[in-house]
Amino acid sequence: MFTVKQDGLFDAPHEAVVIGLFDKNQPLSGIAAKWNEQLNGQLTILLKEGDISAKKKRISKVHTLGQTAVKRLYFVGLGKEEKLTFEVLREAFGKLFKTLKEAKLTEVAVALDTFTNERIDANEAAHALSEALLLATYQFAGYKQKTNEPEKKLENIAIYTEADQSEIEASAFVGRVYGKATNSARTLVNTPSNLLTATDLANYAVKLAQKYDFEYEILEKDDMEKLGMGAFLAVNKGSTEPPKMIVLKYQGKETWENVIGLIGKGVTFDTGGYSIKPRESMVDMKTDMAGAAAVLGAMEIIGELRPEQNVVAVIPATDNVISGDAFKPDDVITSMSGKTIEVKNTDAEGRLILADAITYAKHHGANYLIDVATLTGGVIVALGVHTTGAMTNDEALFEQLLEASIETGEFIWRLPITEKDKERVRSSKIADLNNSPGREGHAIMGGAFLAEFAEDTPWIHLDIAGTSVTSKEHDLGPAGATGVMVRTLATLVERFE
Ligand code: BES
Ligand code: ZN
Ligand code: ZN
């Protein structure tokens with residue numbers, strides 16, 4: 001709960017008041033100076049001694065020992081004023097809220113205007129604050145039998161600012177929507193595959209559609225057979241879990257034109273199939289639907305904020321498992337587009353299900369295509385775990401996405417697709433395409449393969465194999481699923497032109 005107020009910060013008995021501190025705020029100025037006065041100049045001493053720090057993302061706590069109505073002051077270091085960015089601010093708030101949660105506080109006040117500079121106004125600061133609160137304090141509920149008391153929650157944030165109250169409320173709401181939707185995606189990704197089958201994913205999408213009044217369609221296996229989705233069906237062949245092609249449509253313009261297609265890889269578990277994964281690499285493959293989760297998260301934001309855009313989301317959902325019915329290396333399959341594919345590796349299954357999903361998105365009128373997928377281990381080798389790999393056939397579309405990603409702090413770096421790369425995916429002797437032409441540059445091979453199905457439609461492929469999950473706790477969340485690309489996709493859609 002956020003409440004926005006203008007006056008009374010000094011006299012309200014808050015559990016804590018939070019103040020942003022820039023480097024140059026020495027000696028203390030503004031609101032901090034006022035508290036310093038009440039505390040007989042003690043803050044100046046603490047600052048000098050280093051007990052309060054203005055260094056970037058440092059959190060310092062001062063107890064007022066009954067001298068003021070407020071019990072504690074928390075200072076958030078913001079570094080050099082001219083260097084503060086939206087991204088740093090969000091992370092600083094993230095760190096703050098983690099600290100406050102650990103301290104078991106339930107209600108705090110934030111002096112919002114101390115977090116602004118020339119570029120970041122109070123509205124943006126409010127967005128960063130509320131988004132960070134949700135992201136940083138996220139926790140996957142898990143399945144342990146509960147014995148402990150339910151945790152105290154940091155629920156009430158009073159935002160004090162001189163800015164327009166209703167505008168700040170609206171900005172805080174937007175940040176909250178972004179944070180909440182990212183957390184929804186995280187929970188989907190963290191859920192094990194026995195509890196999140198393709199059917200479960202489809203049911204989740206239908207609920208989302210009903211809540212936000214999206215048109216939707218769930219294709220069943222026999223629908224897919226009729227449409228000739230041979231690539232998608234091949235991956236599902238070894239499974240007893242029925243595949244689902246999930247389609248959600250959001251129409252924010254009067255006519256169905258300029259449609260953005262968001263396509264998410266929804267492999268609920270990837271064993272590798274007959275090109276089976278070694279046992280260590282198979283662990284965590286419940287997260288192979290993080291692309292689908294990113295798209296669903298973005299659709300949640302779109303449903304809440306209802307931008308004037310048209311969006312079609314397409315999610316092919318299945319597991320990739322083995323049985324006597326499973327597809328095998330050397331099989332040749334026919335995709336919905338008509339292109340034939342020689343399967344050289346059943347573990348390169350993502351590109352197969354996405355091939356038909358891309359074709360189907362175009363079928364639904366998508367004029368722009370953005371696919372998100374945990375596609376290759378190769379992208380982790382190339383870019384590490386903090387940068388999403390991108391490939392595209394359209395500079396202008398990519399520029400727009402890059403801008404959105406800079407704003408959200410979800411880093412993206414582009415990899416090339418050359419004519420030589422295209423030749424490699426077309427290298428099969430007996431079919432149009434080869435799904436695995438060797439390990440050299442194989443993140444690029446994934447992209448080059450998908451490009452064959454995007455054809456002339458402006459398209460971007462985002463490989464999130466490295467960024468969708470993290471092994472370490474960070475300022476904006478715990479270890480586990482990150483919900484990467486939810487915020488970037490939604491920002492792109494909101495700003496799209
Ligand atoms: N789901 C994996 C990619 C992956 C790897 C995701 C590590 C998350 C973490 C994908 O289906 C896969 O197995 N890709 C193969 C492609 C290869 C066979 C061309 C890979 O990366 O090894
Ligand atoms: Zn695979
Ligand atoms: Zn996979």
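The values are calculated or read from the model by the stated rules, or taken from the named source; none is laboratory data. Owing to the predicted nature of the structure, the values given are computational and were not obtained by experimental measurement. We place every Cβ from the backbone using ideal geometry, glycine too, and count neighbours over all the protein chains shown.
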Given (1) among the charged types (D, E, K, R); (2) modelled with pLDDT of 95 or more; (3) closer than 16 Å to Arg90 by Cα, Arg119 misses just (2)
Can you tell me which of Asn183, Asn203, Asn194 is among the polar types (S, T, N, Q) and over 24 Å from Val311 (Cα atoms)?
-> Asn194
Find the helices (runs of 4 or more DSSP H) located wholly in segment 372-430 whose residues include 2 or more that are more than 20 Å from Ala292 (Cβ to Cβ) and touching a residue at least 40 places away in the same chain (Cβ under 8 Å), and list them.
-> 378-383, 395-408
Output the number of residues of segment 335-362 satisfying the condition of being under 23 Å from Leu401 (Cα atoms) and more than 16 Å from ligand 1 (Cβ to nearest atom).
-> 5
Determine if segment 131-149 includes at least one residue that is of a type in the set (Val, Ile, Thr) and crowded, with 23+ Cβ neighbours inside 10 Å.
-> no
Residue among Phe22, Phe2, Phe75, Phe93 that alone is more than 28 Å from Gln139 (Cα to Cα), of a type in the set (Phe, Trp, Tyr) and crowded, with 16+ Cβ neighbours inside 10 Å = Phe22
In contact with a Lys or Arg (Cβ under 9 Å, 6 or more places away or on another chain), part of a loop (DSSP other than H, G, I, E, B) and of a type outside the set (Phe, Trp, Tyr), is that true of Lys153?
-> yes
If you go through segment 424-446 one residue at a time, how many are buried (at least 17 other Cβ atoms within 10 Å of the Cβ) and away from ligand 2 (no atom under 16 Å from the Cβ)?
-> 8
Is at least one residue of segment 270-292 within 16 Å of ligand 3 (Cβ to nearest atom), assigned to a strand (DSSP E or B) and either modelled with pLDDT of 95 or more or in the same structural domain as Thr388 (by TED's automatic domain parsing) (or both)?
-> yes
Check segment 322-332 and report whether any residue there is β-branched (Val, Ile, Thr), within 13 Å of ligand 2 (Cβ to nearest atom), at pLDDT 95 or above and buried (at least 24 other Cβ atoms within 10 Å of the Cβ).
-> no
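Conditions (1) over 27 Å from Asn194 (Cα atoms); (2) within 12 Å of ligand 1 (Cβ to nearest atom); (3) hydroxyl-bearing (Ser, Thr, Tyr), marked per residue:
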{"residue": "Pro278", "(1), (2), (3)": "no, yes, no"}
{"residue": "Glu300", "(1), (2), (3)": "no, no, no"}
{"residue": "Asp330", "(1), (2), (3)": "yes, no, no"}
{"residue": "Ile333", "(1), (2), (3)": "yes, no, no"}
{"residue": "Ala373", "(1), (2), (3)": "no, yes, no"}
Cross-chain or 6+ apart pairs with Cβ under 7 Å, segment 256-270 first and within 13 Å of ligand 1 (Cβ to nearest atom), then among the small types (Gly, Ala, Ser) and part of a loop (DSSP other than H, G, I, E, B) | Thr268/Ser193; Phe269/Ser193
If you take just the strands (runs of 3 or more DSSP E) that sit entirely in segment 25-139, which of them hold at least 2 residues that are free of Cβ contacts under 8 Å to residues at least 40 places away in the same chain and within 24 Å of Gly8 (Cβ to Cβ)?
-> 59-63
Return the residue satisfying two criteria in turn: it lies in segment 247-281 and is within 16 Å of Ser468 (Cα to Cα) and more than 19 Å from the chain's Cα centre (by Cα), and of such residues it is nearest to ligand 2 (Cβ to nearest atom).
-> Asp270
Out of curiosity, is Ala361 more than 30 Å from Ala125 (Cβ to Cβ), away from ligand 3 (no atom under 14 Å from the Cβ), touching a strand residue (DSSP E or B) at 6+ places or on another chain (Cβ under 8 Å) and not in a strand (DSSP E or B)?
-> yes
Taking segment 10-24 on its own, how many of its residues are part of a loop (DSSP other than H, G, I, E, B) and either of a type in the set (Gly, Ala, Ser) or under 13 Å from Thr114 (Cα atoms) (or both)?
-> 3
Would you say Leu47 is crowded, with 19+ Cβ neighbours inside 10 Å and at pLDDT below 95?
-> yes
Residue selected from segment 257-269 under the condition within 12 Å of ligand 3 (Cβ to nearest atom) and crowded, with 24+ Cβ neighbours inside 10 Å, by the criterion farthest from Ala198 (Cα to Cα) | Lys265
When segment 272-293 is examined, which residues are found to be farther than 22 Å from Ile246 by Cα and out of contact with any Pro (no Cβ under 8 Å at 6 or more places or on another chain)?
-> Gly272, Gly273, Ile276, Lys277, Pro278, Arg279, Glu280, Ser281, Met282, Val283, Asp284
